[in-house]
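Here is the structure we will look at, set down as structure tokens.
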């Protein structure tokens, strides 16, 4: 059974903050491909994923897109709500179906301003998200599609309860901002190497350790920053 504590960010809150926030959380189902919000749209809610993954995409005027970060059970979707903006220039799309806890944007703003513990935790999370965005930009510019796919798979695995992903190569290509043929070739290499199995939109990672060795340093940089958020909060 799902619980707000299944989201690591919510779990890190002190009991007093949990008592204030948890009663206002609503568990909702997020189907694959659902657009949570579009670029420029006013945000009325924030989302704390439990076993779902949401991709933040930048979409160009001609319709092309590229993923700038992913949010799973380690974070929250909708940081613009408490960072001073009413909207955001990116699109948020469900990359992996599952559940999330929804919270009204007005309450999120109120607690951010009134509770210093919540404010510090959300600011630290925002730092990890910015680090992921920066590393994604570096990876997309300097590393091969093979390495980008490895990074993407590892980031997804860290946010799921299983090693199975439901995702077509076309959707992966849209996330990475590359041609589908490039993803097909990269996935084929990983399957031949015994790292993954792929069939009809279902990817199963069979050798995570090898996947990590094939990945560029970008994954580890992002993971360390995410782990650091939990470590700092645990110390305090």
*Total residues in the stretch 81-99, condition closer than 20 Å to residue 39 by Cβ and not in a loop (DSSP other than H, G, I, E, B)*: 6
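Does at least one position in the stretch 212-225 carry a residue that is touching a strand residue (DSSP E or B) at 6+ places or on another chain (Cβ under 8 Å) and closer than 29 Å to residue 125 by Cβ?
No: the stretch 212-225 contains no residue that is touching a strand residue (DSSP E or B) at 6+ places or on another chain (Cβ under 8 Å) and closer than 29 Å to residue 125 by Cβ.
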*Would you confirm whether any residue within the stretch 68-77 is out of contact with any strand residue (DSSP E or B) (no Cβ under 8 Å at 6 or more places or on another chain) and either farther than 22 Å from residue 207 by Cβ or at pLDDT 90 or above (or both)?*
yes
*Got a sec? Which strands (runs of 3 or more DSSP E) wholly within the stretch 1-77 have at least 2 residues that are closer than 26 Å to residue 114 by Cβ?*
26-30, 35-37, 45-49
*Would you say residue 17 is surrounded by 14 or more Cβ atoms within 10 Å (Cβ to Cβ) and within 23 Å of residue 153 (Cβ to Cβ)?*
no
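Condition check ((1) in the same structural domain as residue 22 (by TED's automatic domain parsing); (2) under 30 Å from residue 170 (Cα atoms); (3) within 15 Å of the chain's Cα centre (by Cα); (4) buried (at least 22 other Cβ atoms within 10 Å of the Cβ)) across all residues:
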{"site": "58", "(1), (2), (3), (4)": "yes, yes, yes, no"}
{"site": "62", "(1), (2), (3), (4)": "yes, yes, no, no"}
{"site": "70", "(1), (2), (3), (4)": "yes, yes, yes, yes"}
{"site": "76", "(1), (2), (3), (4)": "yes, yes, yes, yes"}
{"site": "89", "(1), (2), (3), (4)": "yes, yes, no, no"}
{"site": "102", "(1), (2), (3), (4)": "yes, yes, no, no"}
{"site": "107", "(1), (2), (3), (4)": "yes, no, no, no"}
{"site": "113", "(1), (2), (3), (4)": "yes, no, no, no"}
*Residues in the stretch 114-128: is at least one on the phi < 0 side of the Ramachandran plot, outside any helix (DSSP H, G or I) and in contact (Cβ under 8 Å) with a residue 60 or more places away in the chain?*
yes
_Which count do you get for residues in the stretch 115-133 that are over 14 Å from residue 16 (Cβ atoms) and either surrounded by 15 or more Cβ atoms within 10 Å (Cβ to Cβ) or within 16 Å of the chain's Cα centre (by Cα) (or both)?_
11
*Could you say whether any residue in the stretch 134-154 is within 27 Å of residue 64 (Cα to Cα), out of contact with any helix residue (DSSP H, G or I) (no Cβ under 9 Å at 6 or more places or on another chain), at pLDDT 90 or above and surrounded by 17 or more Cβ atoms within 10 Å (Cβ to Cβ)?*
no
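The values are calculated or read from the model by the stated rules, or taken from the named source; none is laboratory data. Please read all numbers here as calculations on a predicted model, not as lab measurements. All Cβ positions, glycine included, derive from the backbone under ideal geometry; neighbour counts span all protein chains shown.
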